[in-house]
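Throughout, read-outs are computed from the coordinates displayed, never taken from laboratory work. The model shown is predicted, which means the values in this text are computed figures rather than measured ones. Here Cβ is always computed from backbone atoms with ideal geometry, including for glycine, and neighbour counts include all displayed protein chains.
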Amino acid sequence: MAGPTSAAGLRAMNAHNVPPGSATTWTPRRVVGATLVVAAIAAAFYLTFAFRLVLACLMLGIVIDTALGPLFSWATRLGIGRSASIVLVYLVLGLTAVVAIAVAVPRLVDQAAGLGEGLPKAYAEAREQLAGIPNSVAQRLVAWTPDGLPPLDSEAGVFAELRHTLFASRGLGETLLLASFWAGAVLLLAFNWSLQKDRSIGALSMLIAESKRGAARELVAAFFERVGAFVRGQAVLCFSVAGISLVAFWLIGLPHALALAALAGLFELVPYVGPILAAFPPLLVALAFDPSLVVWVLAAAVAVQVLENNLLVPAIMDRAVGVHPVVSLLALVAFTDLFGALGMILAVPISAMVQVVCERWLFNTESTAAAAPVRRDETGRALWELRALIQDVRSRLRAKDDAPNNDADLIEDRIEAIAADLERQLAAEDGDEPHHRRESASGLEAVR
């Protein structure tokens, strides 16, 4: 009868039953290292959230620099130096931003306050008219909707409170100064990034292994190309829709045309439902102030959408590689909740960057496209070398002595025939077969 198993024997049996490589020895050094890694990750998340406004401004500055790249190149082609071109473009952009803030912001806030006073009335009238329709669907809509909107009057309204907060507590001058400060901070970050971009990217690339620097630079270039094209196209599209809407609302005499046009331009950032949502505020304003304008508002909304889909989008977004609409919508919701208004602006550019990474590393769509030109270049080089060989063989045949040498002639003819046959195959692969078919056939005739 076997005696009781000792503790040393149990440890030996357990060690014997553990699969190779699965046992992990948690030494004090490894425990400290793992703890530091977890603490560093937690600190990174905390600092990102704590300084989210600063990071958002920095990212917005990089996006602005990327979008302004063609302007820098255009100014450089005019004979202006690179640094002077950057200074000139940002100076014009900064002055334009200051003038726009000084002129447009007070009017937009006043018109937004007027919208806040008229929307509850328009909602109540629309709900009352809907309740008078003898239809089960209309009655269900009335039952599901609230009796009225929250109070947005001049005393407790959100827009009036916004106007009071911006202009009464601080004053118009202080508010414009604060807005100009943030706009200037973003432009200053963008300006410094424009001047130091190449040097900064070069310094950061030194942290990457030398074998992977080329791929990293290609990835960064793809970031800038995708984000720059999309941001430029989307910005031009938003301003175009806002301008067309402003003209249309002004022609039909719709009140608060500037605020409604600005809303229409902002709604262009929202995929799928943005253009549809942009039609509701003008309809509510028309119901509140002049119901006879409802038909004209509908006609204006349809005309704007027709112009956008058939003229603006093909002309503006033709070269811009877009982001998937579902990804854009999710990014808008997430980044708006995290960063606020700046997050809403940065959502689509960041989602474009994520899409580039997914395309290159997860779905590998770029590698296949990039492999074909490389193979084509190798084929063309081999084809050029073979043609040079054929010319050299023919030169030797013409320059050989009069004394016949049947063995040498046979070897040279075979070399020429093989080279011509390879040339024909490579030309067919390179798409150049018809041009050189006659030359290859002449080599084959030499063998016959």
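Computed from the Cβ-Cβ distance with R0 of 56 Å, the FRET efficiency linking V326 to V31 stands at 0.85. FRET efficiency for the pair V92 and I415, taken as 1/(1 + (r/R0)^6) with r the Cβ-Cβ distance and R0 = 51 Å, rounds to 0.15. Every Cα-Cα pair of region 210-363 was included, and the share exceeding 21 Å stands at 52 percent. Residue order for V326, V294, fewest other beta carbons within 10 angstrom first, comes to V326, V294. Arranged from fewest to most other beta-carbon atoms within 10 Å of their beta carbon, L130, L346 become L130, L346. Using the Cβ-Cβ distance between V103 and F181 with R0 set to 22 Å, the FRET efficiency works out to roughly 0.80. Spin-label model, M206 to L277: label points 7 Å out along the Cα-to-beta-carbon direction sit 4.6 nm apart. Of the peptides 57-63, 215-221, the order by per-residue mean of other Cβ atoms within 10 Å, starting with the highest, comes out as 57-63, 215-221. Multiplying the residue separation of T76 and A44 by 0.36 nm and subtracting their alpha-carbon distance yields 7.5 nm. Cβ-to-Cβ counts within 10 Å put F335, F181 in ascending order as F181, F335, the fewest first. Between the amide H of T145 and any residue lying 5 or more places away or on another chain, no distance stays under 5 Å, with hydrogens modeled in the peptide plane. Just subtract the alpha-carbon distance of V313 and W361 from 0.36 nm times their residue separation and send over the number in nm, one decimal. Result: 14.3 nm gained on full extension.
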